[in-house]
Amino acid sequence: CLRAQLASPIGHLSSKIAISFLFQRILMRTSRFFLATLKEAPSDAEVISHQLMVRAGMIKRLAGGIYTWMPLGLRVLRKVERIVREEMDRAGAIELSMPAVQPAELWQESGRWEKYGPELLRCKDRHQRDFVIGPTHEEVITDVVRKDVKSYRQLPLHFYQVQVKFRDEIRPRFGIMRGREFLMKDGYSFHTSFEDLQREYRNMFETYTRIFTRLGLKFRAVAADTGSIGGTGSHEFHVLADSGEDALAYCPDSDFAANVELAEALAPAVARPAAAETMQKVATPGRITCADVAEFLGLPLIRTVKVIAIVLNPEAAEAESPGPLAMILLRGDHNLNEVKAAKHLGEFRFAREDEIIAALGCQPGYLGPVAVGEVAIYVDRSVAVMGDFVCGANEAGYHLTGVNFGRDITAPTLVADFRNVVAGDPSPDGKGCLELCRGVEVGHIFQLRTKYAEALKCSFLDESGQSKIMEMGCYGIGVTRIVGAAIEQGHDQRGICFPAAIAPFEVCIVPMGYAKSETVKAAADALYAELGGAGIDVLLDDRNERPGVMFAEMELIGIPHRVVVGDRGLAEGKLEYKGRGDSESQMLPLAEIGPFLKARLCAAP
Ligand code: ATP
Ligand code: MG
């Protein structure tokens, strides 16, 4: 432990220099710091981490999704960054720093100038040349490597940076967790072969596991969709929190874990039953959801089928207004998985009411797949095995019961997996049943393969002098988002409970009457010097606030260890210690407090 090494050889000159450096960096008094806590949370803060970060004075909003990191918040952010850097360096990646402002030509070359959409902030310089504010840096790094790396002898390479990104998010929210300007660690690796890319991918998987473990977070790595960045294999790292935006599916009996966007819903292992009922039209006035219809008819929800009306290839469809309609059929209790649907069907959008009325002669809420003529019917695997089901009659106020494929509906255009998995579904690896939880995505690793290297002609000469395209991987960590995610995971009614590794200070000393009692002042100052000398990140609250005010503030900002110095304890040679998560405080002899705290901090993840 670095602290232990620093604490012991105090007599040596080199250590004295190191310690005086640490003194400046670590020791802090509230009178010289800037604490700006608030009693009330801002009204726009939907999640607890956003509320607490603003109340603790860690961040200040400048514009939607754009924040100033105040000194207290910045200390936390820097600690996260430091752990990320240490582990990336240890893993063999090399740090550089690329520009935030990037010329449009590179984005045109990769094809993302057109593809990225409005999340890409574009601007012009004084010569009317187009630029972007980087949301990610694949283009820039590939440009660097294609210019400077020519031979297989220079590979593999892994460059990373910790840098500001700008994404013009459609709905910035949750404070810094979905900001528009945010800090990311992004790394990019270049290889002569796919096998070598896979080796580095595993290296990064392990590195990320170490990083999130050291940060003191509960997390899970899951298989993920590759999204707009593209490429093949991909894993996301999620901090587990009920407020997380992502749903994760995992199997408690096996290693299977995947983002719900990706997790496969297997085809039911049963055959479709033969039709037993005749099809009948029934009045269902005002019942437009499957749940309402099922209740009204006294049937279980799983006997109903819902229709999602969509327009395929929307850009082309705009020309022939209204566009040709298609429908996706899902069981009443299931939800559409848009990522899966886009994989099967290509780009699509939900149909507008006027398009639905024009194609089916009926408003949404009563739609069904019976007698729909040319409308394409895409059927989820679970629906394909249903018989005698209930669906809309394509007439306002009516549904059909006893509907069956083969007899009442023309053959589906496609049967595929269109839905989100639900708890209890069989695990795709065949080893048990799925459970669901929620997570905040804090890291994402991709095997990009040759997507960008090909577009930007990033090649090398192999051993036989032949030109080949490089294989690429990319690896992102949401540095700012980690701070919010840590608070989502660690808080109570009194405020933030930071893991010690990223707390703004590790220990706070709260003296009772610093300005009134010489004994208290002397003891507090001595402890402050001792802990600082041992490399502990310590805050001395030397304001003359009431004890309750100081305690509440130190708890709100999430300092994991508190030592109270008071005349009464000192008379017995004791100090009062309380851990942020402890229900009771304890009295410890003066001489023991230093070793006690050092042991606790060295033991923390
Ligand atoms: P999301 O699905 O949350 O939008 P993403 O897949 O777009 O994330 P990546 O492109 O993989 O994100 O970026 C790497 C990391 O950067 C993410 O894992 C996440 O932690 C972080 N990140 C992405 N967008 C934001 C944002 N708007 N604000 C803060 N952090 C972000
Ligand atoms: Mg995104």
For this session: Add +1 for every Lys or Arg and -1 for every Asp or Glu among the other residues with Cβ under 14 Å from the Cβ of Cys437, and state the total.
Result: -4
For this session: Any chance you could give the angle, 0 to 90 degrees and rounded to 10, that helix 13-26 forms with the longest Cα principal axis of the chain?
Result: 50 degrees
For this session: Determine the distance separating the Cα centre of the stretch 140-161 from the Cα centre of the stretch 233-253; give it in Å without decimals.
Result: 33 Å
Exercise. Roughly speaking, to the nearest percent, how much of the chain's 1.4 Å accessible area is carbon and sulfur?
Worked result: 53 percent
Exercise. For Leu157, which sequence-distant residues (separation of 5 or more, or a different chain) have an amide H within less than 5 Å of its own amide H, given hydrogens modelled in the peptide plane?
Worked result: Phe190
Problem set entry | Leading residue at positive end of dipole, the stretch 389-500 (Cβ point charges), from Ile482, Gly397, Thr413 | Ile482
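With only Lys, Arg, Asp and Glu charged, each at its Cβ (+1 for the first two, -1 for the last two), find how big the charge dipole of the stretch 335-462 is about the Cα centre; round to the nearest 20 debye. Could you put the intermediate results ahead of the total?
Working: 12 positive and 17 negative charges, 77 e Å.
Around 360 debye, computed over the stretch 335-462.
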For this session: Sort 481-491, 327-337 for me by packing, meaning the mean count of neighbouring Cβ atoms within 10 Å per residue, highest on top.
Result: 481-491, 327-337
Problem set entry | the chain: calculated mean residue ellipticity at 222 nm from DSSP helix runs of at least 4, using -39500 (n - 2.57) | -9000 deg cm²/dmol
For this session: Can you spot the aspartates and glutamates whose alpha carbon is less than 17 Å from Lys521's alpha carbon? Ignore those fewer than 8 places along the same chain.
Result: Glu530, Asp541, Asp542, Glu545, Asp567, Glu572, Glu576
Exercise. Fully extended, how many nm does the chain gain between Lys39 and Lys468 (0.36 nm per residue separation, minus their Cα-Cα distance)?
Worked result: 148.3 nm
For this session: Could you name the lysines whose alpha carbon sits less than 18 Å from that of Lys39, not counting residues in the same chain fewer than 8 places away?
Result: Lys60
Seminar exercise, completed: Rounded to whole Å², per residue accessible area for the chain with a 1.4 Å probe reads 45 Å²
Seminar exercise, completed: With the dipole of the chain defined by +1 on each Lys or Arg Cβ and -1 on each Asp or Glu Cβ, the option from Ala221, Tyr160, Ala249 whose Cα lies farthest towards the positive pole is Tyr160
Exercise. Do any of Lys150/Lys468; Lys147/Lys468; Lys343/Lys431; Lys185/Lys218 go past 18 Å between their Cα atoms, and which?
Worked result: Lys343/Lys431; Lys185/Lys218
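Note down the magnitude of the dipole of the chain about its Cα centre, charges +1 on Lys and Arg C-beta and -1 on Asp and Glu C-beta and zero elsewhere, to the nearest 20 debye. Each step should come with its number before you reach the end.
Working: 70 positive and 79 negative charges, 382 e Å.
Taking the Cα centre of the chain as origin, the dipole is about 1840 debye.
Once you list every other residue whose beta carbon is under 9 Å from the beta carbon of Asp130, what net charge do they have if Lys and Arg are +1 and Asp and Glu are -1? Could you put the intermediate results ahead of the total?
Numbers: positive: Arg122, Lys124, Arg129; negative: Glu105, Asp125.
Charge balance near Asp130 sits at +1.
Which net charge results when you count Lys and Arg as +1 and Asp and Glu as -1 among the other residues whose beta-carbon is under 9 Å from that of Met587? Mind dumping the intermediate values first?
On the way: positive: Lys574; negative: Glu572, Glu576.
Neighbour charge sum, excluding Met587 itself: -1.
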Problem set entry | Charged-residue dipole, Cβ positions (Lys, Arg, Asp, Glu), the stretch 342-392 about Cα centre, Debye nearest 20 | 180 debye
Problem set entry | Peptide ranges 47-55, 415-423 listed from the most packed, as the mean C-beta count within 10 angstrom indicates | 47-55, 415-423
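The values are calculated or read from the model by the stated rules, or taken from the named source; none is laboratory data. Nothing here was measured: the structure is a model prediction, and the numbers come from that model. Neighbour counts are summed over all protein chains in view; Cβ atoms, including those assigned to glycine, are modelled from backbone coordinates with ideal geometry. Accessible surface areas use protein heavy atoms only, side chains included; no ligands, DNA or RNA. Shrake-Rupley method; radii C 1.70, N 1.55, O 1.52, S 1.80 Å.
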